[in-house]
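Colleague: Here it is, the structure, as structure tokens.
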Amino acid sequence: MQVKVLFFGPAKDVTGLSHCDYTIESHTPLQDIIVRLYADFPKAKEVFDLCSFVINKDFATPETVLKDQDQIAVLPPVSGG
Amino acid sequence: MTHLTKDPIEIQYWIDQYKHPEVGAMELFIGFTRNSPEDDGIVSLVYEAYEEMVLAEAVTLESFIKQRYPLIRDLLIIHRIGEVPVSEPSLLVVLTGSHRQTLFQAMEEYIDLLKKKLPIWKKGIYRDGHEQWLMNHF
């Protein structure tokens, strides 16, 4: 199964990417992707520590099980307006 | 209704869109890019959004405000995306209703919520060339 991770704002700057793709096994929880993100982007730790993670635009817990083609967004604290 | 736009916000255009015989009061909030002394040489702000989620969250916000303030007729958010130079509007919020009283309180709450909930980020571009992501202060 494939999932896509979207980066925004400071998370996009620090990773240098707008998105990346991961191949996962079935029954993989969001937490596994978060762990992989910290491992793949060690310089982003301080930003990731402040981020929320959403799946298909909905806030999710680390235990939420991912489905094929899910879009996970890494959201730093917002600052619109 | 909520729009994200890369183009300058045409304030008068949006006022005209919300004129209606049932509208006795229209309140506008316009947020501008500023360079006051504490902003330390900002020349522009660059806004970025998770657009699909902004639009979904904005529908939820609109329902919430309409439920709390049933006398409100229309709600509009126009948020600029991309680079917004000093003195140009980055945000227009319009509320309409039959009377003004409800609008003042609703506007305060609506703006607070949109600043906290909508996935939009702004980066300051400074005269000396450096850039910095900014936080909202409440």
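Colleague: Can you pick out the pairs among A:4/A:67; A:57/B:116; B:19/B:117 whose Cα atoms lie more than 20 Å from each other?
Modeller: Numbers: A:4/A:67 11 Å; A:57/B:116 16 Å; B:19/B:117 28 Å.
From the list (A:4/A:67; A:57/B:116; B:19/B:117), the Cα-Cα distance tops 20 Å for B:19/B:117.
Colleague: When only Cα pairs under 8 Å and 6 or more residues apart are kept, what is the percent relative contact order across the stretch B:2-129?
Modeller: 42 percent
Colleague: Now for a separate question. Aspartates and glutamates near residue A:12 by alpha-carbon distance under 12 Å, same-chain residues fewer than 8 away left out - which ones?
Modeller: B:48
Colleague: Then there is this: For chain B, take the longest principal axis of its alpha carbons; what is the angle in degrees between that and the long axis of helix B:100-117, to the nearest 10 within 0 to 90?
Modeller: 40 degrees
Colleague: Keeping all protein chains in position, work out how much accessible area residue B:69 exposes to a 1.4 Å probe, and write it in Å² to the nearest 10.
Modeller: 20 Å²
Colleague: How far is helix A:30-40 tilted off the main Cα axis of chain A, in degrees rounded to 10, range 0 to 90?
Modeller: 50 degrees
Colleague: Roughly how many Å² of residue A:32 are accessible to a 1.4 Å probe, to the nearest 10?
Modeller: Counting only protein heavy atoms, the figure is 70 Å².
Colleague: On a straight-distance basis, which lysines could pair with residue B:6 in a cross-link, Cα separation under 17 angstrom, same-chain partners fewer than 8 positions away excluded?
Modeller: Straight-distance partners of residue B:6: B:122, B:123.
Colleague: Oh, and also: Provide the net charge surrounding residue B:3, with neighbours chosen by a C-beta distance below 12 Å and charges set as Lys +1, Arg +1, Asp -1, Glu -1. Don't skip to the end; give the middle numbers.
Modeller: On the way: positive: B:6, B:80; negative: B:7, B:10, B:51.
Combined, the nearby Lys, Arg, Asp and Glu give -1.
Colleague: Just report the Cα centroid separation between the stretch B:1-35 and the stretch A:63-81, whole Å.
Modeller: About 30 Å separates the Cα centre of the stretch B:1-35 from the one of the stretch A:63-81.
Colleague: OK, next. Can you bin the stretch A:28-78 into rounded, prolate or oblate? Criterion: square roots of the alpha carbon gyration tensor eigenvalues sorted a ≥ b ≥ c, rounded for a/c under 1.5, prolate for a/b above b/c, oblate for the rest.
Modeller: Note, shape of the stretch A:28-78 comes out oblate.
Colleague: Further question: Let me have the relative contact order for chain A, percent, based on Cα pairs under 8 Å that are six or more residues apart.
Modeller: For chain A, the relative contact order is 43 percent.
Colleague: For the protein assembly as shown, what does the alpha-carbon gyration tensor say about shape, rounded, prolate or oblate, given a ≥ b ≥ c as the root eigenvalues, a/c under 1.5 as rounded, and a/b over b/c as prolate? Provide the component values of the computation, followed by the final result.
Modeller: Values: a/c = 2.62, a/b = 1.50, b/c = 1.75.
Verdict is oblate for the protein assembly as shown.
Colleague: Can I ask one more? Report in % the part of the accessible area of chain A that belongs to carbon and sulfur, leaving out ligands and nucleic acids; probe 1.4 Å.
Modeller: Working: 2260 of 4190 Å².
That share works out to 54 percent.
The values are calculated or read from the model by the stated rules, or taken from the named source; none is laboratory data. Every value quoted in this text rests on a predicted model; they were computed, and no experiment measured them. Cβ sites come from the backbone with ideal geometry, for glycine too, and all protein chains shown count toward neighbours. Ligands, DNA and RNA are excluded from the accessible area calculation, which covers all protein heavy atoms including side chains. Shrake-Rupley method; radii C 1.70, N 1.55, O 1.52, S 1.80 Å.
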